[in-house]
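Engineer: Please read through the structure below; I'll follow up with questions.
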Amino acid sequence: DGTELLVRRHIVRTDDVPVEVGASWFRPDDANGTSLERREAFGRPLYQEAEEEIGRRYASATDQITARQPSREEAELLQIRPDTPVLHLLHVAYDANRRPIEVAQATWPGPMTTLTEEYAIPGPAADPDPDPGLVLG
């Protein structure tokens, strides 16, 4: 909507090969005068730095991952051919009042990227109100 934002851009390398490009955006009202304005890395995850500096805790997030062709800039930064598919993440993190704290994106070369998700699968729910008239015999 035209609102100015503070952006932190990054490139992640493995063995000197770029494997991720990304950026995080914060509202200036939250980030002005904080370490989030510094160019240097923090030595800890960005969300931990943001929580401490902004004074709000991350409570939930929405992640959307898409496969697509890279932009010209992404292909150059990732050192991939322009026809190499990438995976792209759009991440929006919220506080407990559902106010956005951070909007971030990350892009990875598709052929070099594996996403692994681990989660618990709940067991079947017990019947909360069994039929009292049912007699099993």
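Engineer: Which of the residues that make up the range 1-20 are out of contact with any Gly (no Cβ under 9 Å at 6 or more places or on another chain), hydrophobic (A, V, I, L, M, F, W, C) and open to solvent by 40 Å² or more (accessible area, probe 1.4 Å)?
Structural biologist: Those that are out of contact with any Gly (no Cβ under 9 Å at 6 or more places or on another chain), hydrophobic (A, V, I, L, M, F, W, C) and open to solvent by 40 Å² or more (accessible area, probe 1.4 Å): Leu5, Val7, Val17.
Engineer: If you don't mind, another one. When you go through Val21, Val17, Val7 one by one, which is the residue that is closer than 29 Å to Thr84 by Cβ, of a type in the set (Val, Ile, Thr) and modelled with pLDDT under 95?
Structural biologist: Val17
Engineer: Another question about this same structure. If you scan the range 50-65, which residues turn out to be closer than 13 Å to Ala31 by Cβ and in contact with a helix residue (DSSP H, G or I) (Cβ under 6 Å, 6 or more places away or on another chain)?
Structural biologist: Glu53, Ile54
Engineer: If Glu117 passes every condition in (1) closer than 24 Å to Leu36 by Cα; (2) without any contact (Cβ under 8 Å) to a residue 24 or more places away in the chain; (3) of a type in the set (Asp, Glu) but one, which one does it miss?
Structural biologist: All conditions pass for Glu117, except number (1).
Engineer: Sticking with this structure for a sec: Residue check: is Arg81 loosely packed, with under 12 Cβ neighbours inside 10 Å and at pLDDT below 95?
Structural biologist: Spelling it out, it is not the case that Arg81 is loosely packed, with under 12 Cβ neighbours inside 10 Å and at pLDDT below 95.
Engineer: Taking Gly110, is it without any contact (Cβ under 8 Å) to a residue 60 or more places away in the chain, in contact with a Ser or Thr (Cβ under 7 Å, 6 or more places away or on another chain) and surrounded by 10 or more Cβ atoms within 10 Å (Cβ to Cβ)?
Structural biologist: yes
Engineer: Moving on. Of all residues in the range 1-40, which are within 15 Å of the chain's Cα centre (by Cα) and charged (D, E, K, R)?
Structural biologist: If the condition is that a residue be within 15 Å of the chain's Cα centre (by Cα) and charged (D, E, K, R), then Arg8, Arg9, Glu20 are the ones that fit.
Engineer: Output yes when any residue across the range 59-77 is open to solvent by less than 40 Å² (accessible area, probe 1.4 Å), within 19 Å of the chain's Cα centre (by Cα), more than 25 Å from Arg13 (Cα to Cα) and in contact (Cβ under 8 Å) with a residue 40 or more places away in the chain, and no when none is.
Structural biologist: no
Engineer: Restricting the search to the range 21-41, which residues are within 22 Å of Ala61 (Cα to Cα) and open to solvent by less than 40 Å² (accessible area, probe 1.4 Å)?
Structural biologist: Within the range 21-41, Val21, Gly22, Ala23, Ser24, Phe26, Pro28, Asp30, Ala31, Leu36 qualify.
Engineer: Which of the residues spanning the range 42-55 are out of contact with any Phe, Trp or Tyr (no Cβ under 6 Å at 6 or more places or on another chain) and open to solvent by 90 Å² or more (accessible area, probe 1.4 Å)?
Structural biologist: Glu52
The values are calculated or read from the model by the stated rules, or taken from the named source; none is laboratory data. Being a predicted model, the structure only gives us computed values, none of them experimental. Using ideal geometry, Cβ is built from the backbone for each residue, glycine included, and neighbour counts are taken over all protein chains shown. Side chains are part of the model used for accessible areas, which takes the heavy atoms of the whole protein and leaves out ligands, DNA and RNA. Shrake-Rupley method; radii C 1.70, N 1.55, O 1.52, S 1.80 Å.
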